Amino acid sequence: MNDRVEQIRARLSAALSPVSLEIEDDSHLHAGHAGARGGGGHFTVHIVSAAFEGKPPLARHRLVFDALGDMMQKEIHALSIKASTP
Amino acid sequence: MDVLERIKEQVESHPVVLYMKGTPQLPQCGFSSRAAEALGACGEEFAYVNVLSDPEVFENLPRFADWPTFPQLYINGELIGGCDITLELYQSGDLQKMVKEAMAGRKTSED
């Protein structure tokens, strides 16, 4: 089990009540490249939530970043977000 | 000059500017690479800042527009988004229009 994935899942579930949430850990694809110094992971999140209704992509991404809070400074180095509405 | 003022000046003095890891010719991150490629495919020249060679900007850009990751694309001084949003806008054809309009605006104001 991947702790960081579970932590991301817990925070997004609590904040955005998604009807669907898939999280992929892509960290292994990027290990060691120059931009990845610091040890944070790469993740892709596919999230479907009514909270995104009527919001442009920038605002949807901000909701996701806000929900993840301090994880964005430590555990997460890069995050690819696919945010849609039910 | 304060670093936040320096960033403000960068995004306001260039109609299109990409903050990225590495350069468009030698990107150091897949996300920066894809964003630079989409931007380059719009057919206009764009400015970029290599955040890996400017530690002060690297440290402070996330709080400038409250956006935690790189790359970051700014058009006419406004944050457009990161890699995902840049690619979505490119695929829908909107990025090309936004970039062309921004560059045309600059040319007009310089005449």
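Observations, loosely collected:
- Cross-link reach list, lysines versus residue B:21, counting only Cα pairs under 20 Å and skipping chain neighbours closer than eight places: A:74, B:8
- Counting only other chain Cβ atoms within 10 Å of each residue's Cβ, the peptide B:88-98 averages 0.
- Among beta bridges that DSSP assigns inside region A:3-84, antiparallel share in %, nearest 5: 45
- Total accessible surface hidden between B and A, rounded to 100 Å², 1.4 Å probe: 1400
- Note that the protein assembly as shown shows a convex hull volume over its alpha carbon atoms of 124 Å³ per residue.
- Integer Hz, Karplus 6.51/-1.76/1.60 couplings in order for region B:90-106, x for Gly and Pro: 5, 5, 7, x, 6, 4, 4, 5, 4, 5, 4, 5, 4, 5, 5, x, 5
- In the full protein context, region A:3-84 carries 48 Å² of accessible surface per residue, based on a 1.4 Å probe and ignoring ligands, DNA and RNA.
- With 0.36 nm allotted per residue and the present C-alpha distance subtracted, the residue B:12-residue B:41 stretch has 8.2 nm of extension available.
- Accessible area per residue for region B:34-111 is 51 Å², calculated with a 1.4 Å probe on protein heavy atoms, without ligands, DNA or RNA.
- Dividing the Cα radius of gyration of chain B by its Kirkwood radius returns 0.95 for Rg/Rh.
- Against chain A, whose longest principal axis is taken from its Cα atoms, helix A:3-16 shows a tilt of about 20°.
The values are calculated or read from the model by the stated rules, or taken from the named source; none is laboratory data. This one's a predicted model, so the numbers in the text were calculated from it and none came from an experiment. Cβ atoms come from the backbone with ideal geometry, glycine included; neighbour counts cover every protein chain shown. Ligands, DNA and RNA are excluded from the accessible area calculation, which covers all protein heavy atoms including side chains. Shrake-Rupley method; radii C 1.70, N 1.55, O 1.52, S 1.80 Å.
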